[in-house]
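Before any comments, here is the structure.
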Amino acid sequence: MPKKLETVLAQIEQNDPPRVLLVGGNSEFLSEQAFHHIRDALVAKNPALAVETYEPGSELAPILDSFRTMSLFGSARLLIVPEVNAFVSAKEIASLYDKAAADWKSAKTDRKRASSAAKLLHVLGLAGCDLEMKDRGIADTLGITLDATLTDLLAFCRNTGKKAGRGEDDAAMLMEAISRGGAPGTILLMRTAEVPRDSATIDLIDKVGAVIVANLTRDGFNSALEQAITSIASDANVKFEPQAITRLRQRLGIERVLADKFSKDVPEMRGVVSEVERLVTLAGSGGRVTAAMVEREVAAIEGGARYELGSLFTEGKILEAVAKLRELVAQGRREDPKMPVDLQYGRFLFPLADEIRQIIGIHSWARAHNVNLRQSMQYNRFKDTIADKLGDYLKAHGLVRQRPHPFPLHKKFEAARNSSEAELFQALAYVADLEIQRKSGGLPVDIGIETFLLSRLRG
């Protein structure tokens, strides 16, 4: 039976830490927090502990060899493995790939992308594939349709230089290593995504060590968020006013998501915590985060924290964008049946206009700096040479509120190759005309906006 974090921390404090620990859960933020608490407690209890940290996606075999090998100097060691995917069978390839693809689509950080790439590499290992194969061959072997998500994931994996995992051998090796035990004084701390049920490997770890499950439910979200805000504000010596929390929840779409009784979605905690940390930094030690500050500093997210209509449009995923638009409108009508349809659709004209303006801004920057947009650029090169300058340019000209992360900015940069400035200005004018017609009784906005999106598909 999984153990509570407090129980494991108490064992560490009593100088009796489990020799094998696994942390996981459906909340990346909570599981990472628990993972760091355990790591910090182990190091604090024994400052002489030799720490070995492995990158996400590292092969398990050399890690387990190190776990079983006694230290040359006889000192205690802590092996930290932030990404382990050795708990599935070949029969679950499809569901694991779906998880990797979903994580990739929702990723906002390089850490999350590395995590989803590690999952894909494990899938490839299960299926006997490697990155030397063509994308089409990999898709056929996995039994899935080759799409933009798989192509992007494979490109990211190849750029990182990682290799496909060892497949089912990983689970067997891990069970053997845990059963026999590691070298004296060696502790193995691992982290995974969701902890699978009915796994012999998980049961073994829980029997000889400790498994900590950090799941987040809709019912428990409010208390988890309150604890996170209290902790961050206390560490920074900042007062976070209750009205500010209420306004933050509204602007980030948390209230909208939790109020939808037909949905099972749980708001993403990490994005909310990032905003809290930014607000606390702006307030400064001894300061206060007020509702007015939240209103001024935090951009409202239409439809909730998970909705990304603008990014789907930018990436050329037009059919997905149309489906997302209809989903957002349907949810809005459930929440406010009295709101007219033209208002339900009309509020999404502005995110589309913002995306078009940002791509126009990329064209303008590229022309001023003699950058050829028609030539594709790998993400790593883009991040190292262009991302910061381009982000600062967009922010300076009021096209974004803060400098974008390099990865979504690279997506926009690549999207700029597919349209000329004239086409973009024409698209922006069309969106503006839709807004005018919406207010003057012209073409119904629902027809107009879907026609606009589908015209981009034909282009």
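The values are calculated or read from the model by the stated rules, or taken from the named source; none is laboratory data. For clarity, every value in this text was computed on a predicted model and none was experimentally measured. Cβ atoms come from the backbone with ideal geometry, glycine included; neighbour counts cover every protein chain shown.
Yes/no matrix, rows are residues, columns are (1) touching an Asp or Glu at 6+ places or on another chain (Cβ under 8 Å); (2) in the same structural domain as Glu55 (by TED's automatic domain parsing); (3) closer than 23 Å to Ala61 by Cβ:
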position	(1), (2), (3)
Gly143	no, no, no
Thr151	yes, no, no
Gly182	no, yes, yes
Leu188	no, yes, yes
Glu194	no, yes, no
Thr201	no, yes, yes
Ile205	no, yes, yes
Gln227	no, no, no
One residue from Leu325, Leu343, Leu319, Leu279 being more than 18 Å from the chain's Cα centre (by Cα), at pLDDT 80 or above, within 29 Å of Ile447 (Cα to Cα) and surrounded by 19 or more Cβ atoms within 10 Å (Cβ to Cβ)
Leu325
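Take the residues in region 16-67 that are of a type in the set (Lys, Arg) and assigned to a helix (DSSP H, G or I), then tell me which one is farthest from the chain's Cα centre (by Cα). Walk me through it before giving the result.
In the first step, residues of region 16-67 are kept if they are of a type in the set (Lys, Arg); the result is 19, 39, 45.
Next cut, assigned to a helix (DSSP H, G or I) only: 39, 45.
Working: Arg39: 22, Lys45: 32 Å.
Checking each candidate, the answer is Lys45.
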Verdict on Ala422 being touching a residue at least 60 places away in the same chain (Cβ under 8 Å) and either assigned by TED's automatic domain parsing to the domain that holds Leu349 or in contact with a helix residue (DSSP H, G or I) (Cβ under 7 Å, 6 or more places away or on another chain) (or both)
no
Going through region 318-360 in order, the residues found to be under 29 Å from Tyr393 (Cα atoms), outside any helix (DSSP H, G or I) and not charged (D, E, K, R) are Phe348
Note on Ala44: of the conditions (1) at positive phi; (2) without any contact (Cβ under 8 Å) to a residue 24 or more places away in the chain; (3) small (Gly, Ala, Ser), unmet is (1)
Name the residues in region 388-407 that are buried (at least 17 other Cβ atoms within 10 Å of the Cβ) and part of a helix (DSSP H, G or I), would you?
Leu390, Gly391, Tyr393, Leu394, Pro406, Phe407
Looking only at region 371-387, filter to residues that are in contact (Cβ under 8 Å) with a residue 24 or more places away in the chain and surrounded by 13 or more Cβ atoms within 10 Å (Cβ to Cβ); which one of those is farthest from Phe156 (Cα to Cα)?
Leu373
Tally time: how many residues in region 102-111 are surrounded by fewer than 17 Cβ atoms within 10 Å (Cβ to Cβ) and within 18 Å of Asn85 (Cα to Cα)?
2
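With exposed (fewer than 15 other Cβ atoms within 10 Å of the Cβ) and under 19 Å from the mean Cα position of the chain (by Cα) as the only criterion, which of Ser234, Ser274, Ser223 stands out?
On the way: Ser234 fails: under 19 Å from the mean Cα position of the chain (by Cα); Ser223 fails: under 19 Å from the mean Cα position of the chain (by Cα).
Only one candidate passes the filter, namely Ser274.
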Return the residues of region 247-269 that are under 16 Å from Thr217 (Cα atoms) and surrounded by fewer than 19 Cβ atoms within 10 Å (Cβ to Cβ); say none if nothing qualifies.
Glu255, Leu258, Ala259, Asp260, Lys261, Phe262, Ser263, Lys264, Asp265
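Taking region 212-271 only, how many residues are β-branched (Val, Ile, Thr), in a helix (DSSP H, G or I) and touching a residue at least 12 places away in the same chain (Cβ under 8 Å)? Give the derivation first.
Filtering region 212-271 down to residues β-branched (Val, Ile, Thr) leaves 212-213, 217, 229-230, 232, 238, 245-246, 254, 257, 266.
Going one step further and asking which of them are in a helix (DSSP H, G or I), we end up with 229-230, 232, 245-246, 254, 257.
If we keep only those that are touching a residue at least 12 places away in the same chain (Cβ under 8 Å) too, we end up with 229, 232, 245-246, 254, 257.
Of the residues in region 212-271, 6 are β-branched (Val, Ile, Thr), in a helix (DSSP H, G or I) and touching a residue at least 12 places away in the same chain (Cβ under 8 Å).
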Out of (1) modelled with pLDDT of 80 or more; (2) surrounded by 15 or more Cβ atoms within 10 Å (Cβ to Cβ), the one Thr151 does not meet is (2)
Among what's in region 125-141 and is in contact with an Asp or Glu (Cβ under 9 Å, 6 or more places away or on another chain) and modelled with pLDDT under 80, pick the residue that is surrounded by the most Cβ atoms within 10 Å (Cβ to Cβ).
Leu126
Matching residues in region 422-447 - criterion: being at pLDDT below 85, in a helix (DSSP H, G or I) and of a type outside the set (A, V, I, L, M):
Glu435, Gln437, Arg438, Lys439, Ser440, Asp446
Spot the failing condition for Thr246; the list is (1) under 24 Å from Leu9 (Cα atoms); (2) modelled with pLDDT of 90 or more; (3) not aromatic (Phe, Trp, Tyr), and only one is missed.
(1)
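When region 61-78 is examined, which residues are found to be within 18 Å of Ala171 (Cα to Cα) and either hydrophobic (A, V, I, L, M, F, W, C) or modelled with pLDDT under 80 (or both)?
As a first pass, look at region 61-78 and keep what is within 18 Å of Ala171 (Cα to Cα): 61-68.
Within region 61-78, Ala61, Ile63, Leu64, Phe67 qualify.
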